[in-house]
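The values are calculated or read from the model by the stated rules, or taken from the named source; none is laboratory data. Quick caveat: nothing in here was measured; it's all calculated off a predicted structure. Using ideal geometry, Cβ is built from the backbone for each residue, glycine included, and neighbour counts are taken over all protein chains shown. For accessibility, only protein heavy atoms count, side chains too; no ligands or nucleic acids. Shrake-Rupley method; radii C 1.70, N 1.55, O 1.52, S 1.80 Å.
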Amino acid sequence: MLDFQTAGESHGKGIVTVVSGFPSQLEIDPGFIQEQLSRRQGGFGSGPRMQMEKDEVEILSGIRWKKTIGAPIVTFVRNKDFSNWEKIMDPLGDRPFGYQDITIPRPGHADLSGAVKYHFRDLRNVIERASARETVGRCVAGSLARLFLRSFGIQVGGFVESIAGIISQIDVPFQEKIKASLPSPIYTFDLEKEREMIQAIEKAKREGDSVGGTFIVVASGVVPGLGGYCQTRDRIDARLAAALMSIPSVKGVEIGDGFLSSRLLGSQVHDEMGYCAAKKPFSIFRKTNHSGGIEGGTSTGEPIWVRCAMKPIPTLRKELVSVDIKTREEVSARYERSDVCAVPRGLVVGESMVAWVLAQTVQEKLGGDSMDEILDRFQAYLLYLERFPD
Ligand code: EPS
């Protein structure tokens, strides 16, 4: 099974990603991984840290002459900022002279719950690993997944739909929205709304506040029959929701029309079917796609689309009331250098998570240890779809 784990602290030496389960002979384009890492770093609303870092992936194992060899792939992205934190983050050093524990948690951050869980008096221990810096590793894993998915004609893209309640609204197909969002500083497709969103971020910054928003991720070229309905773990919608919900600050995930469908009638929600003999590889299609390309936990063959809601970043200059865990007094929450809006970055991470889950389901469906084997099986599956139900 495809699996990945990340390791590393926000101001430690860097972020390690360990990816296992990829078949051999998958061509790796390091430029593509780099592109995704740079995209993750872009996006208006970031704090000074993003100007400081230049995320570059170093491949430590599992790839030889730009092809996977079936072995675990380990990568490393260095934290440039570590040079400013060497004493504080030294794995084997002594507590630096004059260092003071961080004892005031930020409401909305993992600070307090993490300290309770691990019995820390110094919240720095939580801040470091709970930081969204970890999403660098998700993008590396997601980029590998995207390269794998390309071999099966699956493309994953997305766009920011709203920031601070300002919604991009031009009514064009997803693919056009995705294309138009690529050059946007906040990865959205509606130029007028883009301006308003940027103004909202600037205003929040001036006022010491932060803003959230929503993004949509779309996977096209998905064959029907990925995922499944027999067990909880098979359901692709449940897996997508879990993977997306694990992104820091994501508080809501909708598959297709999601919450909207709870307010409509069945006749308005369910996607009627049509038949077109020329449609390959599967000739039964849906006339609409309210379901987000998933029925009964299984892909229908229509694009899979999901919406994620991100709360505003919990690090604010505006003073929120907190409690000092040392003095037990009510005080203002601690402010630490931060972003104002992380929604564009969240989109790139969301795309990575969707790609990851889809790569897992493709690999589960087809099995195989080398790309040749898996592609042969894919061709057989396409033929099966063409002949279905024969
Ligand atoms: C983060 C706080 C900021 C963000 C960071 C996530 O970092 P710093 O405390 O160093 O200014 O920039 O995100 C990243 C570094 C990144 O690469 O995404 C937090 O508290 O979660």
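Overview of results
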| item | result |
| --- | --- |
| Local electrostatic count at ALA309 - Lys and Arg +1, Asp and Glu -1, tallied over other residues with Cβ under 11 Å | +1 |
| Separation in nanometres of the label points that stand 7 Å from Cα toward Cβ, at MET273 and ASP372 | 3.8 nm |
| Shape box of the stretch 237-390 [Cα atoms, principal axes, largest first, Å] | 73, 46, 23 |
| Inter-label distance for GLN175 and ALA7, nm, one decimal - labels placed 7 Å from Cα along Cα-to-Cβ | 4.3 nm |
| Mean-position separation - Cα centroids, the stretch 118-164 and the stretch 244-258, in angstrom | 13 Å |
| For the chain, the longest site-free run once trypsin sites (Lys or Arg not before Pro) in DSSP loop states with at most 10 other Cβ atoms within 10 Å are removed | 1-262 |
| Inter-centroid distance (Cα atoms) of the stretch 265-344 relative to the stretch 352-382, Å | 25 Å |
| In nm, spacing of pseudo-spin labels at LEU60 and GLU207 (7 Å Cα→C-beta vector) | 4.5 nm |
| Alpha-carbon Debye profile of the stretch 270-355, log10 I(q)/I(0) at 0.15, 0.23 Å⁻¹ | -0.75, -1.10 |
| Cα gyration tensor shape for the stretch 114-205, rounded if a/c is under 1.5, else prolate or oblate | oblate |
| R0 of 51 Å, Cβ-Cβ distance ILE88-PHE259: FRET efficiency to nearest 0.05 | 0.75 |
| Three-way shape label, the stretch 1-46, alpha-carbon gyration tensor, a/c 1.5 | oblate |
| DSSP beta bridge pairing in the chain, given as percent antiparallel to the nearest 5 | 100 percent |
| Overall form of the stretch 244-291 per C-alpha gyration tensor (a/c, 1.5; a/b vs b/c) | oblate |
| Two-decimal Rg/Rh across the stretch 226-271, once Rg and the Kirkwood Rh are taken from alpha-carbon atoms | 1.04 |
| Accessible area of the chain divided out per residue, in Å², using a probe of 1.4 angstrom | 50 Å² |
| The stretch 140-284: C-alpha pair distances exceeding 23 Å, % | 51 percent |
| Scattering profile of the chain at q = 0.07, 0.09, 0.13 Å⁻¹ [log10 I(q)/I(0), Debye over alpha-carbon scatterers] | -0.35, -0.58, -1.14 |
